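S.K.: The structure is given below, and queries will be raised subsequently.
The values are calculated or read from the model by the stated rules, or taken from the named source; none is laboratory data. Treat the numbers as computed from the prediction; the structure is a model and nothing was measured. Glycine also receives a Cβ, built like all others from the backbone with ideal geometry; neighbour counts cover every protein chain displayed. With ligands, DNA and RNA removed, areas are computed over all heavy atoms of the protein, side chains included. Shrake-Rupley method; radii C 1.70, N 1.55, O 1.52, S 1.80 Å.
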Amino acid sequence: FSGKAVSGVAVRWSWTDIAANEEGYRVRSTTSNVQSPTSIVTELPANTTYYVELGLVPNTAYYRYAEAYNYSGIAVSSVAVKWTLANPPVGMFIVQSSTFNVELQWTTNNNPPGTKYRVYRATDIVSFAILTTTEGTVYNDLAVAVLGSYTYKIQAVNGEEVGSGFTVEASTYIFPPV
C-alpha cells in the first residue's frame, strides 16, 4: 500500500490485488502508523487497485491503509503516510532594492502555517541556486553588489521536502549610489 501526492488537494493510494475472493476494499484513515479502527474514507469494489482521494488540505500528512474484506473477515495492509503537495506561492515582488540588499515578499496561497519556502537567485537569469529556506513570506538578500543583476523565484515545499511550482520571476539591477 502506498500513496502519491498528485496535487495540493489529492493523493492517489495504490495497492496490489492479491486476493482472489474479496468482496471489496475499504480505504481507512488513521492518525499514526498503526492500523486502528478509524473512519472509512471510501469503499470500493473487488479487483480495485487504486483510489484518488480528493478535497484534502495542501501540505498536510495523511495516514491511510487498505483492507480487503469478504464473508470470512478482513486482510489489512500496512499504513502509508503521504503529504499533499504545497501550493506554489503567489504574488512575489521586490519590495525594495538598494546597494545593500534586495527585499522580497510573497503570499502563501493558502498553505498552512509551517510551510517552508525556498528562495532561489540567479545572476544570469538561468542558473538559479537556493539562497535559503524559510517559513516566512519575506526574505532580505544581503549578499548583493553594486552593478549586480539579480533574478529571484520562490518555491513552497511540503513536509516531505517535495517542491511545488515556482512563482513568477522578479529581477532587479543594483545601481551605484549617486
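S.K.: Take Thr84 and tell me if it is open to solvent by 40 Å² or more (accessible area, probe 1.4 Å) and within 14 Å of the chain's Cα centre (by Cα).
M.R.: no
S.K.: What do you reckon, is Ala20 open to solvent by 20 Å² or more (accessible area, probe 1.4 Å) and over 30 Å from Asp141 (Cα atoms)?
M.R.: So Ala20 passes the test.
S.K.: Can I ask one more? For the stretch 46-135, please list each of the strands (runs of 3 or more DSSP E) lying entirely inside it that holds at least 3 residues being under 21 Å from Tyr152 (Cα atoms).
M.R.: 90-97, 102-107, 116-122, 129-134
S.K.: With respect to the numbered conditions (1) within 25 Å of Thr108 (Cβ to Cβ); (2) crowded, with 17+ Cβ neighbours inside 10 Å, which one is the sole condition not fulfilled by Val6?
M.R.: So Val6 meets the others, but not (2).
S.K.: A further question on this structure: With the checklist (1) modelled with pLDDT of 95 or more; (2) out of contact with any Pro (no Cβ under 9 Å at 6 or more places or on another chain) in hand, flag the one item Thr60 doesn't pass.
M.R.: (2)
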